[in-house]
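The values are calculated or read from the model by the stated rules, or taken from the named source; none is laboratory data. As the structure is a computational prediction, the values presented were derived from the model and not from experiment. Methodologically, a virtual Cβ is constructed for each residue, glycine included, from the backbone with ideal geometry; neighbour enumeration extends over all protein chains shown.
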């Protein structure tokens, strides 16, 4: 197939009409680029497994293969698992008493399970890629997030005479905000801005921040700051409703990235829901030539239709569409803030934020409530990556288990590459709806670093930059 220079592999596939790029772990459901659930963008590229297609540049000669299929993506016999009774694949089925440990039956069962849930094969040969050597930097203030709030905070610190570093996921700080067509605050020239890096962890009570490159163009980084500013903004959370995991459902940031950066429409007929931003997002996408057929409040969404991809939505009327974009409810990503102030050894607990850490912009805003569908939602996925449905969570809740950490371990909810965001938000909202109370009262499992998946090369590049914790 052909691709436009500068596109990601995900954008090139989307432009060619290929929206299913992955399969879920157990039931082998089709999933695709969503921006919310990372598993939908993972594939094997030139023999390297679990490559994020939304970050991999499209270059000539790439061999891109779908994972978790057998014998191939066109004829995937493993997808027959979708026809099994739902309870047959609840977590725990692999520990059946019919296959006691130490028997030949058990060994055969384990081999079958490894094959069924293997996701990807190991590379056929050692990689010839050199590990990009990381660097260690000491600063007065590190700002994580290159949007308006991060730029303002970084510039203010620089004007006070501080040594300031700004870490941004986008190659150009503020890239996500600028896609909406607005202007960004000017960044003081004294700020050391580092783009294309994911700050994946805050360690040792804020003693250092670790960041990994999104590709090989920059090196991994360890920053030892006196102060940390988290300006990581907010993310849109999909509704907890059947069909929200289908290829074609994506967050506003992903849709804008496709349309602005790659000139690829998110769909031929696009519907947008949100908590107030849907009209603004619709205007922006229409300006970019996208065919937006409907907008609606997220709370009005009743169901999403489709089996292998989105075919429509229902609000107060039926709307035919092949893409649904959610622009809210908006919720800050709590992981880095939690790491900066957590306490404990095994199950870590929330503690007051350290005095050396502050929140700015959307990271400081209150989280908007998760949208729960009004109709039957047993088939909705709380955690699409790990095939955890509402019915599976309620199965354990009605047996008396309500601790979120135990529910995570029983079902594997939030243990995929998304690392619990937004799965644990949806888990808490579901518990509050079922048992009463407020979602915040149920807490969340432990957010641990790394916040995002690292490659072996990225981890190797950090070797020697931090003294071991004795």
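Which one of the conditions (1) over 21 Å from residue 403 (Cβ atoms); (2) exposed (fewer than 13 other Cβ atoms within 10 Å of the Cβ) does residue 354 fail to meet, given that it meets all the rest?
The single condition residue 354 does not satisfy is (2).
Give the residues of the range 65-87 that are closer than 20 Å to residue 385 by Cβ and touching a helix residue (DSSP H, G or I) at 6+ places or on another chain (Cβ under 8 Å), sorted by residue number.
68, 69, 70, 78, 81, 86, 87
Just a yes or no: is a residue in the range 285-299 under 28 Å from residue 459 (Cβ atoms) and touching a residue at least 40 places away in the same chain (Cβ under 8 Å)? Break it down into steps so the answer makes sense when it comes.
Here is the first cut: in the range 285-299, the residues under 28 Å from residue 459 (Cβ atoms) are none.
Among the residues of the range 285-299, not one is under 28 Å from residue 459 (Cβ atoms) and touching a residue at least 40 places away in the same chain (Cβ under 8 Å), which makes the answer no.
Does residue 224 satisfy the criteria of being surrounded by fewer than 20 Cβ atoms within 10 Å (Cβ to Cβ), in the same structural domain as residue 358 (by TED's automatic domain parsing), modelled with pLDDT of 95 or more and over 29 Å from residue 260 (Cβ atoms)? Full working, then the answer.
Working: surrounded by fewer than 20 Cβ atoms within 10 Å (Cβ to Cβ): yes; in the same structural domain as residue 358 (by TED's automatic domain parsing): yes; modelled with pLDDT of 95 or more: yes; over 29 Å from residue 260 (Cβ atoms): yes.
Spelling it out, residue 224 is indeed surrounded by fewer than 20 Cβ atoms within 10 Å (Cβ to Cβ), in the same structural domain as residue 358 (by TED's automatic domain parsing), modelled with pLDDT of 95 or more and over 29 Å from residue 260 (Cβ atoms).
Looking at residue 136, is it modelled with pLDDT of 90 or more, assigned to a strand (DSSP E or B) and either within 30 Å of residue 231 (Cβ to Cβ) or within 28 Å of the chain's Cα centre (by Cα) (or both)? Don't jump to the end; show me each part of the working.
Values: modelled with pLDDT of 90 or more: yes; assigned to a strand (DSSP E or B): yes; either within 30 Å of residue 231 (Cβ to Cβ) or within 28 Å of the chain's Cα centre (by Cα) (or both): yes.
For residue 136, the condition - modelled with pLDDT of 90 or more, assigned to a strand (DSSP E or B) and either within 30 Å of residue 231 (Cβ to Cβ) or within 28 Å of the chain's Cα centre (by Cα) (or both) - is met.
Are any of the residues in the range 30-44 more than 24 Å from residue 90 (Cα to Cα), surrounded by 16 or more Cβ atoms within 10 Å (Cβ to Cβ) and out of contact with any helix residue (DSSP H, G or I) (no Cβ under 7 Å at 6 or more places or on another chain)?
Yes, that holds for at least one residue.
Identify all residues within the range 139-177 that are at positive phi and surrounded by fewer than 23 Cβ atoms within 10 Å (Cβ to Cβ); write none if there are none. Working first, answer last.
Taking the range 139-177 and keeping what is at positive phi, we get 145, 161, 174.
The one that is at positive phi and surrounded by fewer than 23 Cβ atoms within 10 Å (Cβ to Cβ): 161.
Going by what's in this entry, would residue 101 be described as under 19 Å from residue 419 (Cα atoms) and assigned to a loop (DSSP other than H, G, I, E, B)?
Details: under 19 Å from residue 419 (Cα atoms): no; assigned to a loop (DSSP other than H, G, I, E, B): yes.
It is false that residue 101 is under 19 Å from residue 419 (Cα atoms) and assigned to a loop (DSSP other than H, G, I, E, B).
Name every residue in the range 268-313 that is in a strand (DSSP E or B) and at pLDDT below 95, in order of residue number.
Here is the first cut: in the range 268-313, the ones in a strand (DSSP E or B) are 270-274, 292-297, 303-305, 312-313.
Correct list: 303 only.
So residue 12 clears everything in (1) within 22 Å of the chain's Cα centre (by Cα); (2) not in a helix (DSSP H, G or I) except one condition, right? Which one?
(2)
Consider residue 219 carefully, then state whether it is closer than 19 Å to residue 362 by Cβ, at pLDDT below 90 and assigned by TED's automatic domain parsing to the domain that holds residue 351.
Answer is no for this residue.
With the checklist (1) in contact (Cβ under 8 Å) with a residue 12 or more places away in the chain; (2) crowded, with 17+ Cβ neighbours inside 10 Å in hand, flag the one item residue 433 doesn't pass.
Here residue 433 clears every test but (2).
For the range 396-421, what are the residues that are without any contact (Cβ under 8 Å) to a residue 40 or more places away in the chain, assigned to a helix (DSSP H, G or I), surrounded by 15 or more Cβ atoms within 10 Å (Cβ to Cβ) and within 21 Å of the chain's Cα centre (by Cα)?
Once the filter is applied, which keeps residues that are without any contact (Cβ under 8 Å) to a residue 40 or more places away in the chain, assigned to a helix (DSSP H, G or I), surrounded by 15 or more Cβ atoms within 10 Å (Cβ to Cβ) and within 21 Å of the chain's Cα centre (by Cα), the range 396-421 yields 407, 408.
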